[in-house]
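Only one structure is covered here, and it is reproduced in the block below.
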Amino acid sequence: MTGAACYSLDTMADDETLREYRTGSDPRTLRDALGCFATGVTVVTCFDEQDRPVGLTANSFTSVSLDPPLLLVNVHKHAACARALTTATHFAINVLQTGQQPASIRFATRQEDRFGANDWSRGEFGAPVLQESLGVFECERFAVYEGGDHHILVGQVVKASFNPELDPLLYFRGRYRRLHFD
Ligand SMILES: Cc1cc2nc3c(=O)[nH]c(=O)nc-3n(C[C@H](O)[C@H](O)[C@H](O)COP(=O)(O)O)c2cc1C
């Protein structure tokens, strides 16, 4: 039994709740446990060597440092655009809003024309920017680290923009969600 589960047994009185806990070292339990961490949703974009826009949906985005301004996203090594994203001088993190769930699905689906149906433009620093996004971080590649089956792509933010009126698209337990205000 994991430490977390032991802690729960020691401190929680509600037996019904305890029976709901799942514990394991198998990949399914790991994925489901990681899915308990609610995130926003981003689309990471750049231009490939043929100057075609490429990108993929990613929720592994996080901020790293304010000075210098760094952020990271983890890109699966087998993703079609992994090479482009890890070699492009610039990339963009497009933070999605509730109306962009179709874009999130499109950018996570193979053999889709990901950019054709989207309103996008070339950003000031040469990465594709999706219109109507909640926020956009235009980045210069800072570092790429090994992370098991993923590349850890670190970018230095050269421009940040956001729309304070829009609400974020969220992802939790394998499903899209939105903020709920009581
Ligand atoms: C909500 C969500 C979050 C995702 N987060 C990531 C991620 O952080 N990193 C990653 O490499 N793939 C992530 N994916 C999967 C990629 O979007 C997907 O595997 C990829 O687009 C597959 O197509 P490709 O190989 O043609 O790029 C995520 C998918 C979804 C739906």
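Mind listing whichever residues of segment 51-91 are under 18 Å from Ala127 (Cα atoms), of a type in the set (Gly, Ala, Ser) and either away from the ligand (no atom under 15 Å from the Cβ) or touching a residue at least 60 places away in the same chain (Cβ under 8 Å) (or both)?
Gly55, Ala82
Can you pull out every residue in segment 111-140 that is within 16 Å of the ligand (Cβ to nearest atom) and either within 17 Å of the chain's Cα centre (by Cα) or outside the structural domain of Leu56 (by TED's automatic domain parsing) (or both)?
Hits for segment 111-140 are Arg114, Pro128, Leu130, Ser133, Leu134, Phe137, Cys139.
Only residues that are at pLDDT 95 or above and among the aromatic types (Phe, Trp, Tyr): list them for segment 124-182, please.
Passing the criteria: Phe125, Phe137, Phe142, Tyr145, Phe162, Tyr171, Phe172, Tyr176.
Do any helices (runs of 4 or more DSSP H) lying entirely in segment 1-101 carry at least 1 residues that are modelled with pLDDT of 95 or more, among the β-branched types (Val, Ile, Thr) and surrounded by 11 or more Cβ atoms within 10 Å (Cβ to Cβ), and which ones are they?
On the way: elements: 3-11, 15-19, 27-34, 82-87.
Output list reads 27-34, 82-87.
The values are calculated or read from the model by the stated rules, or taken from the named source; none is laboratory data. Since the model is a prediction, treat every value here as computed from it, not as a measurement. Using ideal geometry, Cβ is built from the backbone for each residue, glycine included, and neighbour counts are taken over all protein chains shown.
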